[in-house]
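All remarks here apply to the structure that follows.
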Amino acid sequence: MSQAMSQGTKPKHTLSGEEIIRCTGVNKWYGEFHVLKNVNLSVQKGERIVVCGPSGSGKSTMIRCLNRLEEHQKGTIVIDGIELTNNLKNIELVRREVGMVFQHFNLFPHLTVLENCTLAPIWVRKMPKAEAEERAMSYLKRVRIAEQAKKYPGQLSGGQQQRVAIARSLCMSPKVMLFDEPTSALDPEMVKEVLDVMIGLAEDGMTMLCVTHEMGFAKSVADRVIFMDRGEIVEQDTPDAFFSNPKSERTRLFLSQIL
Ligand code: ADP
Ligand code: MG
């Protein structure tokens with residue numbers, strides 16, 4: 001799985017050209033604070049996007065708007081043809097298609113690893129328990145943690161919990177996966193095991209938006225890097241162009257601080 005990263009070659013795939021996310025003129029305020037300013041974003045099926053930028057620039061807010069964990073006030077967000085508005089039915093439909101992995105895993109502490117993975121398929125998708133368990137085990141195998149299926153989250157390391165969180169999302173067969181700094185709460189030795197799982201997903205053609213400061217991951221996996229600052233998308237480009245020839249002063253400053 002990690003070969004792509006170690007060899008510095010990008011997983012092979014062709015973009016479909018089919019749009020799955022479109023944000024048009026999206027604005028959001030927290031009270032008086034203008035947190036997202038005129039965000040325009042189009043994502044194709046199968047595209048892998050890394051979102052970076054200084055702390056407080058609105059990265060989390062932007063991706064949380066994509067599954068309506070946050071509400072935007074102006075502009076439109078359309079996911080796989082469904083517009084996110086106050087329509088609860090649409091919100092539910094979009095949430096079924098969009099998986100989300102957070103910095104702090106957010107597993108249910110009182111449920112086993114396996115139960116964490118079968119809860120939504122059984123209750124939301126109405127899947128028979130045996131089938132949900134079988135699928136969950138196959139995803140747990142894929143993130144190489146099947147042997148821990150009977151354990152509780154608190155018995156696992158951070159890296160293992162994050163891999164369970166990824167498997168749990170995959171159990172809902174999402175069309176898009178959103179990652180919000182999935183490795184930034186992990187001890188350094190656990191970062192790679194989570195990135196390897198994400199690389200595997202990228203190789204399999206999953207549409208991914210990843211907020212991360214793992215620039216090695218961005219270079220080897222992303223089709224596009226988006227740089228946000230003060231609520232705006234300041235710059236977006238292929239990783240090669242982004243890292244070797246950043247266009248704006250703000251991007252250059254940011255890169256000089258993290259690289
Ligand atoms: P990032 O993920 O880039 O660090 P966030 O999207 O978390 O940025 O936050 C962007 C800005 O919005 C920050 O200034 C933050 O303090 C503010 N903010 C985030 N969430 C809320 C909230 N629920 N209420 C008020 N302000 C918030
Ligand atoms: Mg954030």
Failed condition for G75, given (1) open to solvent by 10 Å² or more (accessible area, probe 1.4 Å); (2) small (G, A, S); (3) within 9 Å of ligand 1 (Cβ to nearest atom); (4) touching a residue at least 24 places away in the same chain (Cβ under 8 Å): (3)
Quick count over segment 36-51, residues being within 15 Å of ligand 1 (Cβ to nearest atom) and open to solvent by 10 Å² or more (accessible area, probe 1.4 Å), is 1
Suppose we filter D187, D80 for residues that are of a type outside the set (K, R) and either open to solvent by 50 Å² or more (accessible area, probe 1.4 Å) or within 16 Å of ligand 2 (Cβ to nearest atom) (or both); which single one remains? D187
Hey, can you tell me all the residues within segment 14-28 that are open to solvent by 80 Å² or more (accessible area, probe 1.4 Å) and at pLDDT 95 or above? R22
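Restricting to segment 84-130, and then to whatever is charged (D, E, K, R) and within 19 Å of M62 (Cα to Cα), can you tell me which residue is surrounded by the most Cβ atoms within 10 Å (Cβ to Cβ)?
Looking at residues that are charged (D, E, K, R) and within 19 Å of M62 (Cα to Cα), I get R95.
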Can you give me the number of residues within segment 192-210 that are over 15 Å from A165 (Cα atoms) and open to solvent by 10 Å² or more (accessible area, probe 1.4 Å)? 5
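The values are calculated or read from the model by the stated rules, or taken from the named source; none is laboratory data. As the structure is a computational prediction, the values presented were derived from the model and not from experiment. FYI the Cβ positions are ideal-geometry reconstructions off the backbone, even for glycines, and counts take in every protein chain you see. Side chains included, ligands, DNA and RNA excluded: accessible areas come from the protein's heavy atoms. Shrake-Rupley method; radii C 1.70, N 1.55, O 1.52, S 1.80 Å.
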